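Peer 1: Please find one structure pasted underneath; my questions will follow.
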Amino acid sequence: MLTRRQTLALGAAAAIGSHSGARAQAKTEIGLSRQPGILYMPTHVIEKQKLIEKHAEKLGVAGVTTKWMNFSNGGAQQDALLSGGVDIINTGTGPLLVLWDKSRGRVKGIVASSAQPLVLLSRDPRIKTLKDYQSGDKIAVPTIRVSTQAILLQIAASKQFGADQWGHFDPMTVQLGHPDAFIAMKNPSHEVKSHFAAPPFQFYEQQQIPEAHVVTTSSDIIGSPLSQGQFMTTTAFAEANPKIVQALRNAAEEAKAFIQTSTPAAVEIYREVTGDKTSTEQLLELLKQPGMMEWNIYPQGTMKFAEHLARIGGIKTKPASWKDYYLPIAHDLPGN
C-alpha cells in the first residue's frame, strides 16, 4: 500500500536511524506539514501564534523556529516525512496506521488535533446511497486505498456487501486533493461526480453546486467520531527531541482551548494563513454544524480502522491498543 519511493525511504530511515539522533537534536528549524481544510485550524493557530516556539522556550529549548508546508494529500506528506523533508506531519488515521506498520513502529502519532465528520457528496441524481454506485462511477479521495476516505469506503463496503467485498469501491476512487476535487465537482462535464470531502469543502459544494447532496458521512460509516487530523513523526526524531514533542502537545492543547473560547479570532487566523476568501460569518455558521467543533487531542475511532486494516492485510501487525501506534507523550489521554 506504500509507494515504491516510500518503501525505499523507510529502508533508508532504518539504515540511518542509529545516527539520526545527534543531527535531529542539533536542529533549530522544525519542518511541519498539513493538508488544506478548516479541520487543520489548530495547526494554523499554532503557526500564527508561534505556540511551538513559545512552549519549547518554556521547556528550556531556546531559538526553535518552525517551517510549515502544505501538501494536497496524505501520500505526499508521507513521502516528505520518510525522506526527511519534514519532521512532523498532520494527516489522517489511515496513513498513520500504514506508516506505523510498514516502518515496524518507527513512525508514531504524537497527539490528535481534530475529528470533524467527512462527507461523501454526489452531484449525480442517480446516486442517493452507497448501493447506487456502479462500475465506471468516480469518487474523489485525497489518496487512493490508504487515505481516511478510501478506508472508510472499504469499511462501508464490508458492511454492505460482505467482509470479502471490502474493495468494492476501490476501482471507483480517483486521487484528487480537496481543492482539485471541488473544482471537478463544479464542472458539469467532469467525470468525477462524487467527492468524499473534508471540511470546509463539503460546505462549499453544498452551497455552490445545486445538485450536490449527501450520500453518507464518516460518522454514519464508523458509528463514532473519527480523528481526521493528528500529528505524527519518526521515533528517531521524538527520541532525539523529547522537549519539542512535549512543546507540540502543549501547543495543541493551547490551540484547542483558543479555538473553543475565541472561535471568531481562530477563524480569522485560518482565513489569513490559508487565504480562504469565505466570509467569517459563513465559516462560523459551518462550525455550528454537528461535530464541527471536535478539536480533542486524544485519538478517536482509530482502533476501528486498525481492526479493518489488519483483517484485509492492509497492515501486518494488529495493534493491541491505540497506544501501540502513539508515542508515550499521549498515553495519559482517553484515546480509542
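The values are calculated or read from the model by the stated rules, or taken from the named source; none is laboratory data. All figures in this text were calculated on a predicted structure; none of them were measured in a lab. Glycine also receives a Cβ, built like all others from the backbone with ideal geometry; neighbour counts cover every protein chain displayed.
Peer 1: Among the listed residues Q165, Q160, Q230, Q207, which satisfies the condition of being in contact with a strand residue (DSSP E or B) (Cβ under 7 Å, 6 or more places away or on another chain) and either surrounded by 17 or more Cβ atoms within 10 Å (Cβ to Cβ) or not assigned by TED's automatic domain parsing to the domain that holds P42 (or both)?
Peer 2: Q230
Peer 1: Does V98 count as in contact with a strand residue (DSSP E or B) (Cβ under 8 Å, 6 or more places away or on another chain), aliphatic (A, V, I, L, M) and farther than 30 Å from E211 by Cβ?
Peer 2: It is false that V98 is in contact with a strand residue (DSSP E or B) (Cβ under 8 Å, 6 or more places away or on another chain), aliphatic (A, V, I, L, M) and farther than 30 Å from E211 by Cβ.
Peer 1: Follow-up question, since we're still on this one. Return only the number of the condition from (1) farther than 22 Å from R34 by Cα; (2) under 20 Å from the mean Cα position of the chain (by Cα); (3) not in a helix (DSSP H, G or I) that E294 does not satisfy.
Peer 2: (1)
Peer 1: Touching a helix residue (DSSP H, G or I) at 6+ places or on another chain (Cβ under 9 Å) and closer than 15 Å to Q49 by Cβ: which single residue out of K277, K243, K304, K256 fits that description?
Peer 2: Result of the check over K277, K243, K304, K256: K256.
Peer 1: When region 72-97 is examined, which residues are found to be at pLDDT 90 or above and within 30 Å of D220 (Cα to Cα)?
Peer 2: Within region 72-97, I89, N90, T91, T93, L96, L97 qualify.
Peer 1: Turning to a different aspect of this structure: Filter region 183-202 down to residues that are at pLDDT 95 or above and surrounded by 23 or more Cβ atoms within 10 Å (Cβ to Cβ), then give me how many there are.
Peer 2: Final tally of qualifying residues: 5.
Peer 1: Say whether the condition of being under 23 Å from D276 (Cα atoms) and acidic (D, E) is met by at least one residue in region 171-187.
Peer 2: yes
Peer 1: Right, another one. Of the conditions (1) touching a helix residue (DSSP H, G or I) at 6+ places or on another chain (Cβ under 8 Å); (2) closer than 15 Å to P200 by Cβ; (3) not β-branched (V, I, T), E285 clears all except one; give me its number.
Peer 2: Among (1) touching a helix residue (DSSP H, G or I) at 6+ places or on another chain (Cβ under 8 Å); (2) closer than 15 Å to P200 by Cβ; (3) not β-branched (V, I, T), the lone unmet condition for E285 is (1).
Peer 1: Right, another one. Of all residues in region 302-336, which are assigned to a helix (DSSP H, G or I) and either in contact with a Phe, Trp or Tyr (Cβ under 7 Å, 6 or more places away or on another chain) or of a type in the set (A, V, I, L, M) (or both)?
Peer 2: The answer is T302, M303, A306, L309, A310, I312, I329, A330.
Peer 1: OK, next. Would you please name the residue that is modelled with the lowest pLDDT, looking only at residues in region 138-149 that are surrounded by fewer than 24 Cβ atoms within 10 Å (Cβ to Cβ) and touching a strand residue (DSSP E or B) at 6+ places or on another chain (Cβ under 7 Å)?
Peer 2: I144
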